[in-house]
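The values are calculated or read from the model by the stated rules, or taken from the named source; none is laboratory data. Quick caveat, the model's predicted, so the values are computed rather than measured. Counting neighbours? That spans all protein chains shown, and the Cβs are built from the backbone with ideal geometry, glycine included.
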């Protein structure tokens, strides 16, 4: 399996992000839960941070000690109902297909209430089930017995799900663990319906729910649904998911290491990526790339790192030959030239509107934009600049990004390319982000590989 691809890992030897300690914590949480207790917790992390890989590694760590049901909600992101497919996925874990069908049918009716037939597309042999349901309704109509008060759909759902969990426990003699991944990519109403159902209806003994989601996205969904001046989405989410483990940004050390065992998470990932055939040409620049990634929090995302490295690996051979000749003459110039290309690659990937602004901007506008982002207010440029600074750039281009992540990235790049440790106007003007003409000249190359 190519590490370049955005595919979750399940083998610890491919755990370049060093999830090991967190995998152990989550595994112990699952194993140490009382057999008859219900548990629910979250694995929080931004999109692309490695939540799916972490869940796969936990599954491998738990082994045969639990019954594992892996539900990927992304397959149902366009549907208004995600709960029914989730329940059916659990029912499919049964050994007997007949039992699986029986529980799937009962859970569908309970989850949908009187509109059970609308969910029959998820049930195997849907036509046969409809026919059976019709015969059952005829028996009820012809019955002479006084009907008792029917059980509410919510009570039926909880009771049926408890029976399903108990059946699984008797079959396998193991705890049931249900992981729900990519739920935050579904429709907000579907997301909240599933989480509230887990909290209110599916909290049955012997079952653990693990939700891999982006916490801030869920909070945004909650605030949109229950908009109120006194309502706090974060507090409500804490009620629904009372505990969690968080995937933090990959750790970056203060210096580059040569031994794999001593490398930080970003270095390990880059080391693995540069072993791939398409990326071997990038090896001489691994330290500049590592430093640029490490100094900007927005760049320390595994999915983003892979995506940018993949795009840089598409550069034509002529570029690498030219850069190699430059490196033989002047290593510093070669590294700065490549860093400028990396800067453009990151802009096109994370801030495309800024990347598109560059070729059409006046040099004074570009410099005004960069200065407003990361300039020191104590530093004042002289008026003898060849290219003046346009101080009204944001008034002319109000849609330009001014977010903290972009500011951090541009500042990191400008500081990296300054040879002086002291922040000064002279050092800043030597930085690659300030060199409009050089960046503009590189646009032809970046355009050739789809930036």
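The helices (runs of 4 or more DSSP H) found wholly in the range 151-240 and carrying at least 2 residues that are under 29 Å from residue 104 (Cβ atoms) and touching a residue at least 12 places away in the same chain (Cβ under 8 Å) occupy 153-172, 188-200, 215-225. Among the candidates 19, 71, the residue that is within 26 Å of the chain's Cα centre (by Cα), within 14 Å of residue 246 (Cα to Cα) and touching a residue at least 24 places away in the same chain (Cβ under 8 Å) is uniquely 19. The one condition from (1) under 30 Å from residue 316 (Cα atoms); (2) surrounded by fewer than 18 Cβ atoms within 10 Å (Cβ to Cβ); (3) free of Cβ contacts under 8 Å to residues at least 60 places away in the same chain that residue 293 does not meet is (2). Residues in the range 374-393 that are part of a helix (DSSP H, G or I) and either modelled with pLDDT of 80 or more or more than 24 Å from residue 441 (Cα to Cα) (or both): 393 only.
Tally time: how many residues in the range 71-87 are under 15 Å from residue 181 (Cα atoms) and in contact with a helix residue (DSSP H, G or I) (Cβ under 7 Å, 6 or more places away or on another chain)? Total meeting the criteria: 10. Residue 318 meets the stated requirement of being without any contact (Cβ under 8 Å) to a residue 12 or more places away in the chain and either closer than 17 Å to residue 446 by Cα or not in a helix (DSSP H, G or I) (or both).
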